[in-house]
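Encoded as structure tokens, the structure appears first; notes follow it.
The values are calculated or read from the model by the stated rules, or taken from the named source; none is laboratory data. In this text the structure is predicted, and so the values were computed from the model without any measurement. Cβ sites come from the backbone with ideal geometry, for glycine too, and all protein chains shown count toward neighbours.
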Amino acid sequence: MNDTASSEDDALIDAIERFLAGEVRPVAIALEQADEYPKAIVEQMRDMGLFGAIIPEAYGGLGLSAQTYARLIETIAAEWMSLSGIINSHLIMASAVLRFGTEAQKEYFLPRFARAELRGGIALTEPDCGTDLQAIRTVARREGEHYLVNGAKTWITNGLHGNCFALLVKTDPKADPRHRGMSLFIAEKGPGFSVPRKLPKLGYRGIDTVEMLFQDYRIPAERLVGGVEGRGLQQILGGLELGRINVAARGVGVARSAYEEALSYSQQRKTFGKPICEHQAIQLKLADMATRVQAARLLVDSAARAYDAGRRCDLEAGMAKLFATEAAMENAAESLRIHGAYGYSREVRVERLYRDAPLLAIGEGTNEMQRLIIARRLLDAAAPRQQ
Ligand SMILES: Cc1cc2nc3c(=O)[nH]c(=O)nc-3n(C[C@H](O)[C@H](O)[C@H](O)COP(=O)(O)OP(=O)(O)OC[C@H]3O[C@@H](n4cnc5c(N)ncnc54)[C@H](O)[C@@H]3O)c2cc1C
């Protein structure tokens with residue numbers, strides 16, 4: 001399927017699979033339940049270069065294509081979804097710099113991102129708005145060669161352990177249309193930038209998701225992405241295209257893992273004298289689950305190909321994100337049912353998949369919004385041409 005993959009890409013995926021089986025699987029359940037940050041695992045991910053996965057080699061990264069990156073993320077998420085989040089929002093920030101930063105910004109930030117010397121994520125959501133990002137209220141006011149930032153962000157992943165974030169602000173709160181007053185900064189932690197609280201979550205634990213506060217936080221003007229005000233929304237939405245492909249790939253990973261757990265359990269568990277996989281009702285579920293995994297993977301691959309070809313891919317990425325993340329939720333629920341009471345136990349992987357999956361329908365644009373994006377693109381394409 002991944003016809004652009006080199007033998008190096010395949011070797012990387014093999015190495016990741018070995019790392020996950022050897023280093024992650026034995027500890028994931030305990031770390032997740034304790035909501036403990038997987039520090040040693042993150043250090044190994046850094047050593048493998050994963051924080052630079054999509055950063056070009058010229059800037060010190062691995063320079064993976066979106067297709068290979070999607071395979072990597074599927075593989076990681078199939079083992080423990082939280083680990084994919086540690087690199088994903090970091091790489092959305094990197095992608096915004098790569099696509100829209102000045103040459104000086106690329107030279108300064110990208111090697112540091114790739115080495116994970118600077119690492120973090122994206123700070124967009126606020127207490128009063130997530131989907132309607134144009135309603136944000138965090139303001140950056142210019143003062144000479146600096147901006148002074150005031151406001152609050154919430155639900156920011158990697159916020160505690162990360163040190164650098166793509167920060168979406170208003171530089172002109174009165175602009176009309178509102179997006180013309182929005183700008184994106186690469187903000188390193190410093191005086192005036194604090195993290196008051198880590199948020200407790202249903203799933204996606206181990207990884208830190210936090211509230212952030214900006215009180216007269218001074219940021220140099222040279223940290224404004226692209227060096228121009230008023231393009232922040234467009235810049236972060238550009239970065240989020242890769243983010244959607246990533247979330248879709250996570251969906252494939254979770255859906256696959258749920259299916260594989262169900263398949264294996266159904267071959268061991270016996271009722272009425274035979275393994276439950278021999279009951280037709282269970283077979284129907286397994287068939288639907290495997291079909292969802294395969295369909296989701298093909299949609300992700302199609303979106304990643306479009307991204308790699310430099311084509312606009314909001315339609316493909318939206319479809320992949322919608323289908324793959326719904327597949328993750330459906331497969332997790334079906335796998336839990338197939339496991340019977342054991343699916344409800346805190347000691348098996350499937351209950352974690354069941355708690356992790358719903359985030360995928362919310363993050364990087366809710367699935368309701370994906371449907372609206374898809375419909376808009378379809379209607380645009382079908383609009384009658386003006387004579
Ligand atoms: C674990 C976790 C990690 C996160 N990490 C980050 C992060 O790192 N950085 C970051 O910036 N944010 C992050 N978020 C926030 C996430 O991006 C937002 O939750 C998401 O964008 C939705 O925003 P909201 O929660 O404010 O929902 P709202 O925007 O309030 O939406 C509420 C509901 O209304 C629906 N809705 C809204 N508008 C419409 C419409 N026009 N038509 C139809 N339906 C609509 C939505 O689909 C949703 O069902 C994270 C969230 C979670 C749970």
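Selection of region 297-314 for residues being out of contact with any Asp or Glu (no Cβ under 9 Å at 6 or more places or on another chain) and either crowded, with 19+ Cβ neighbours inside 10 Å or outside any helix (DSSP H, G or I) (or both) yields D301, A309, G310, R311.
In summary, D128 fulfils each of the numbered conditions (1) at negative phi; (2) more than 16 Å from the ligand (Cβ to nearest atom) with the single exception of condition (2). Is it the case, given these coordinates, that A281 is of a type outside the set (D, E, K, R), crowded, with 16+ Cβ neighbours inside 10 Å, assigned to a helix (DSSP H, G or I) and not assigned by TED's automatic domain parsing to the domain that holds I73? So A281 does not fit the description; no.
Taking the conditions (1) away from the ligand (no atom under 13 Å from the Cβ); (2) surrounded by fewer than 21 Cβ atoms within 10 Å (Cβ to Cβ); (3) small (G, A, S); (4) modelled with pLDDT of 95 or more in turn, G238 satisfies each one other than (4). Within region 192-210, the set of residues being within 11 Å of the ligand (Cβ to nearest atom) and part of a strand (DSSP E or B) comprises T209, V210. When A140, A114 are checked against the criterion of being more than 15 Å from the ligand (Cβ to nearest atom), over 19 Å from the mean Cα position of the chain (by Cα) and buried (at least 24 other Cβ atoms within 10 Å of the Cβ), A140 stands alone in meeting it. Before we move on, is R352 more than 16 Å from the chain's Cα centre (by Cα) and within 16 Å of the ligand (Cβ to nearest atom)? The answer is yes for R352.
Within this structure, R25 fails the test of being within 19 Å of the chain's Cα centre (by Cα), of a type in the set (K, R), surrounded by fewer than 22 Cβ atoms within 10 Å (Cβ to Cβ) and not assigned by TED's automatic domain parsing to the domain that holds Q294. Looking only at region 330-387, which residues are buried (at least 16 other Cβ atoms within 10 Å of the Cβ) and at positive phi? Passing the criteria: E364, G365. For region 83-141, the tally of residues that are within 18 Å of L360 (Cα to Cα), in a loop (DSSP other than H, G, I, E, B) and among the hydroxyl-bearing types (S, T, Y) stands at 2. Give the residue, chosen from E107, E145, E188, E74, that is assigned by TED's automatic domain parsing to the domain that holds I13, surrounded by fewer than 21 Cβ atoms within 10 Å (Cβ to Cβ) and either away from the ligand (no atom under 15 Å from the Cβ) or under 27 Å from E32 (Cα atoms) (or both). Being assigned by TED's automatic domain parsing to the domain that holds I13, surrounded by fewer than 21 Cβ atoms within 10 Å (Cβ to Cβ) and either away from the ligand (no atom under 15 Å from the Cβ) or under 27 Å from E32 (Cα atoms) (or both) holds for just one of E107, E145, E188, E74, which is E107. Pairs meeting the criteria (first residue in region 158-179 and assigned by TED's automatic domain parsing to the domain that holds C129 and at positive phi, second residue small (G, A, S) and surrounded by 15 or more Cβ atoms within 10 Å (Cβ to Cβ), beta carbons under 9 Å, at least 6 apart or on different chains) are N158/G85; N158/S89; N158/G120; N158/G121.
Note on region 148-157: residues that are within 9 Å of the ligand (Cβ to nearest atom) and at positive phi amount to 1. Within region 211-226, the set of residues being in a helix (DSSP H, G or I) and either in contact with a Ser or Thr (Cβ under 7 Å, 6 or more places away or on another chain) or without any contact (Cβ under 8 Å) to a residue 12 or more places away in the chain (or both) comprises G226 only.
Among the candidates E260, E229, E326, single out the residue that is outside any helix (DSSP H, G or I), surrounded by 15 or more Cβ atoms within 10 Å (Cβ to Cβ) and not β-branched (V, I, T). None of the others qualify; the one that does is E229. Being away from the ligand (no atom under 16 Å from the Cβ) and either closer than 23 Å to H161 by Cα or modelled with pLDDT of 95 or more (or both) is true of T68. Does region 277-286 contain at least one residue that is modelled with pLDDT of 95 or more and touching an Asp or Glu at 6+ places or on another chain (Cβ under 6 Å)? Yes, region 277-286 contains a residue that is modelled with pLDDT of 95 or more and touching an Asp or Glu at 6+ places or on another chain (Cβ under 6 Å).
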